[in-house]
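Below is one structure, written out as structure tokens; the observations come after it.
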Amino acid sequence: MQLIETTEQKQKQKTKPNLKGLLTTATCALLGTQAHAEVNTSDDKWRFDTAIMHYNEADRVTATEAIIAANKTYGNDEVLSLKLTIDALTGASANGAVAQPDAQTFTRPSGNGQYIVEGGETPLDNTFKDTRVQLTGQWTQPLSDVFTISAGGNFSKEYDYMSISGNTNLTRDFNQKNTTLSAGIAYAYDVIEPEGGIPKPFAEMVIAGFGSDEFDQAFADSRLTGDDSKATVDLLVGLTQVINRNMIVQMNYSYSSVRGYLTDPFKVLSVVDVNGYAQSYLHESRPDTRSKHAFYAQSKYHFGHSMLDTSYRYMTDDWEIDSHTFDVRYRVLFASGHYLEPHLRFYSQSAAEFYQPFLQQDDVLPMYASADYRIGELDTYTLGLQYGMPMDSGNSLSMRLEYYHQAPKSDGSASFGVLNDVELYEELDALIAQVTYSF
Amino acid sequence: MIKLFEHTKQVLVVTLVLITSLLSGCSSLGVEPWERDVLAKKEMALPTSAVDAALDDHIYFSKEASSGGRSFGGGGCGCN
Amino acid sequence: MPSQHHQQINTRKVSCQPRVGGFLVSFHAMASQCELLVDCDDQTLAQHLGKIAATEAWRIEDKYSRYQQNSVCGQLNRHAGKPCKIDQETLLLLNFAEQCYQLSDGLFDLTSGVLRKAWHFDGSDNVPNQTDVDALLPFIGWSKVNINKQLLEFTMLKSMEIDFGGIGKEYAVDRTVLLLSQWLSENLLAKANSNKTIPFLVNYGGDLAVNGARANNQAWQIGVERSGLNQTNTTMVTMREGAVATSGDAHRFLLKNGHRYSHVLNVKTGWPVENPPSAITVAAPKCIQAGFLATLALLQGKEAEQFLTEQDIKFWAIRPD
């Protein structure tokens, strides 16, 4: 009898029984207590999450980003989180001009050089090279049994850009912590100081006579100042609700208001004649305010051996950009603690009211215009796969690989002449690889 | 007759149980503190991984016109 | 060993001294320093709770110590080979031990103490030979014991020995928490008609449990040894609920021809497990669970940490450098 039980037990062992669950039953029988015993411990050691990510667009931008995040929980549930991010970016980025049948010459935004784009090619400025260092700190602490406050700051610096921000957030728990309401505010101040200065809105890109004094004078005349800034205020209110033992949902509303220099100093618009030939390139001009509303909802459902994480975001702003984002992750959990997580993301946005792929000669200049495809009508999707495994002493390792596809779409403006023969809305593919180690 | 009566009673009890469980399901979302075992798992955290979320926010902030929503995300860079 | 018993009898005193936030009650039981931390400002109450704790710890020591001839454990061992009457509490403990044996695929076994006849972990190179070990194996194995639940009888083979050492102290911690909580709810909370309890921590030689958070939801702070890169340091662990227990002893091993023999014995082979951590501390809702999980983890040898990680169990491990 005993022998048979042991054999059965061996078979169970192979499929990794839920040791904790079975042990709880055994303990309840021994101590005559209820099954709702819990354990709540934490230690004061620093925990680290380190990650390195490589982002690679075919023929365009390559970026490598490394993160070291550390957090520590103190005796009374205060949490200190610190994060250092370093990223390096090199490669080529679309300058906004349209492709042409013939080669086009452009002046670099710095005024220190020129580059030629072959006929039929989407114009890319290949001089992007920047390194960014970012430091983030956040302190969270309970104020009472139900209130928690959090405050943090962020400083980020790259060659031509600086950002400093602060935020604070208050949460209140209700209904045995099954419902949590939160409200937060963040303020950010950014300064951009592009090499070559800030171009005047709609100033023509100076190309002819490169190297001459006349060129230098004309280039200087096309510039406004050396730097400019913007200020952002974000407000966020959120609700987190535990639905049942296996499900939790979160809903947020956020409002963001930016004021200041919102134009991209590196982007131009082609001015084309009636046959579609580019006659000149004008620096873009965007409004100096933008306010966004975002609604975000996320739910997580645990099936025991897998977990489904879905989220949706709707964003709308006064530039008339509306966007929808769907994100689905399905984590398959193996008994060994390993997991596999496929990921799908769909994103679709409408164009800003002032987006136009090019300007036409003889047209009256609009107040604002930008040919940056990132504020045009755009659909993107991401396909990803993550694999994670536990390591010794509670450490963990995970890897993920994602494929990102961007498909800019026509805003409906009819193309004509030679523009019919070139690709105005070039698609873009990128690969993202990341390794994360937590200890 | 008696059998029929018993059957009706059974149906009544089943229906009552269903209605009660539906009502209590709607009026009291959430779990007792000792039922948080599943919610306490790493994969149920919001967000699952802060580091992954930060990297994603950075990519999509620089490639698309929308950002944030989940938290004060993205920004802080002159991404091109 | 009997002399140790007399010594314990002589030192059965409970002392109570004030500390920040309340009182520290201490006494000696089960070969360990035992403590009860009570967060209250009433010394008489703290002393009374201390008396309940010490009485229970000593009761369990007297009942299940293998050093005491007249303990239940001593009697079961003396009458090995014959059916032995047991009481309800012993039956529950034996049932728990049986479940642990099954959950551990036979690695956790209260009859493994017989191996002490061959193994003396005194830091020497005194490694027994295979014949000595083999000779003991027939007298080890939970599959050779029989528990008759109806007749309340326990039977094991002659020359077998049972030892509650692996679960006794942890059981005492859980029982003490239970008794103190019961006493508090019957005598204080019911009268005061409030749901605020008096927070306490029971610590029997490093195996400990709390009844909940301290005032204002503050956590209890405990020191747990944990290995760093090449030194052992103490980690401060905060606790609001549940228990922790430690298994292992860094000072018990044998060293022969450069090979380190751990004191963690595999009952199936009679030989030490290769490369276990020197000690492992586990957190669990109940102390007896933490103790079992810590021991079971040690028995996994070099996979100890992975075993606990896979089961999603919180732990702190020390490995020999």
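Points to keep in mind about this one:
- Of residues in the stretch C:241-265 being farther than 23 Å from C:I167 by Cβ and surrounded by fewer than 16 Cβ atoms within 10 Å (Cβ to Cβ), the one nearest to the other protein chains (Cβ to nearest Cβ): C:R260
- Verdict on A:Q349 being in the same structural domain as A:N95 (by TED's automatic domain parsing) and closer than 27 Å to B:P47 by Cβ: yes
- Once the stretch A:253-307 is narrowed to residues that are in contact with a Ser or Thr (Cβ under 6 Å, 6 or more places away or on another chain), among the aliphatic types (A, V, I, L, M) and within 10 Å of another protein chain (Cβ to nearest Cβ), the residue that is nearest to A:D190 (Cα to Cα) is A:V258.
- Scanning the stretch A:375-397 for residues that are surrounded by fewer than 21 Cβ atoms within 10 Å (Cβ to Cβ) and away from chain C (no Cβ under 14 Å) turns up A:E377, A:D379, A:Y381, A:T382, A:L383, A:G384, A:L385, A:Y387.
- Of residues in the stretch A:323-337 being at pLDDT below 95 and buried (at least 16 other Cβ atoms within 10 Å of the Cβ), the one farthest from the chain's Cα centre (by Cα): A:G337
- Given (1) under 24 Å from the mean Cα position of the chain (by Cα); (2) in contact (Cβ under 8 Å) with a residue 24 or more places away in the chain; (3) assigned by TED's automatic domain parsing to the domain that holds C:E61, number of the condition C:I198 does not satisfy: (1)
- Failed item in (1) loosely packed, with under 14 Cβ neighbours inside 10 Å; (2) under 30 Å from B:L29 (Cβ atoms), with A:A208 passing the rest: (2)
- Matching residues, the stretch A:265-296, being in contact with a Lys or Arg (Cβ under 8 Å, 6 or more places away or on another chain) and part of a strand (DSSP E or B): A:H283, A:T289, A:A294, A:F295, A:Y296
- Only one of the numbered conditions (1) among the charged types (D, E, K, R); (2) out of contact with any Leu (no Cβ under 6 Å at 6 or more places or on another chain); (3) in a strand (DSSP E or B) is violated by A:D77, and that is (3).
- When each of C:L107, C:L92 is tested for being free of Cβ contacts under 8 Å to residues at least 40 places away in the same chain, within 14 Å of another protein chain (Cβ to nearest Cβ), under 21 Å from A:A26 (Cα atoms) and among the aliphatic types (A, V, I, L, M), the lone residue that passes is C:L92.
- Among the conditions (1) over 21 Å from C:L298 (Cα atoms); (2) among the basic types (K, R); (3) buried (at least 18 other Cβ atoms within 10 Å of the Cβ), the only one that C:K144 does not satisfy is (3).
- Qualifying residue in the stretch B:52-74 (condition: on the phi < 0 side of the Ramachandran plot, crowded, with 19+ Cβ neighbours inside 10 Å, out of contact with any helix residue (DSSP H, G or I) (no Cβ under 9 Å at 6 or more places or on another chain) and at pLDDT below 85): yes
- Taken over the stretch A:142-169, the residue count meeting the criterion of being assigned to a strand (DSSP E or B), in contact (Cβ under 8 Å) with a residue 24 or more places away in the chain and aliphatic (A, V, I, L, M) is 2.
- Among the conditions (1) out of contact with any Lys or Arg (no Cβ under 9 Å at 6 or more places or on another chain); (2) at the interface with chain B (Cβ under 9 Å from one of its Cβ atoms); (3) surrounded by 18 or more Cβ atoms within 10 Å (Cβ to Cβ), A:M315 misses just one, which is (1).
- The C-beta contact set for the stretch C:291-316 (first residue closer than 20 Å to C:D109 by Cβ and free of Cβ contacts under 8 Å to residues at least 40 places away in the same chain, second residue surrounded by fewer than 24 Cβ atoms within 10 Å (Cβ to Cβ) and of a type in the set (D, E), distance under 8 angstrom, 6+ apart or interchain) comprises C:G301/C:E274.
- A:L82 vs. criteria at pLDDT 90 or above and more than 30 Å from A:F416 (Cα to Cα): yes
- Cβ-Cβ under 8 Å pairs, at least 6 apart or on other chains, the stretch C:15-42 side assigned by TED's automatic domain parsing to the domain that holds C:A209 and in contact (Cβ under 8 Å) with a residue 40 or more places away in the chain, far side buried (at least 17 other Cβ atoms within 10 Å of the Cβ) and basic (K, R): C:G21/C:R214; C:M30/C:K169; C:S32/C:K169; C:D39/C:R214
- Flag for A:D190 being over 23 Å from A:S270 (Cβ atoms) and crowded, with 19+ Cβ neighbours inside 10 Å: yes
- A:L262, sole failed condition from (1) farther than 30 Å from A:V418 by Cα; (2) assigned to a strand (DSSP E or B): (2)
The values are calculated or read from the model by the stated rules, or taken from the named source; none is laboratory data. All values derive from a computational prediction rather than experimental measurement. Every residue, glycine as well, gets a Cβ built from its backbone with ideal geometry; the counts of neighbours run over all protein chains shown.
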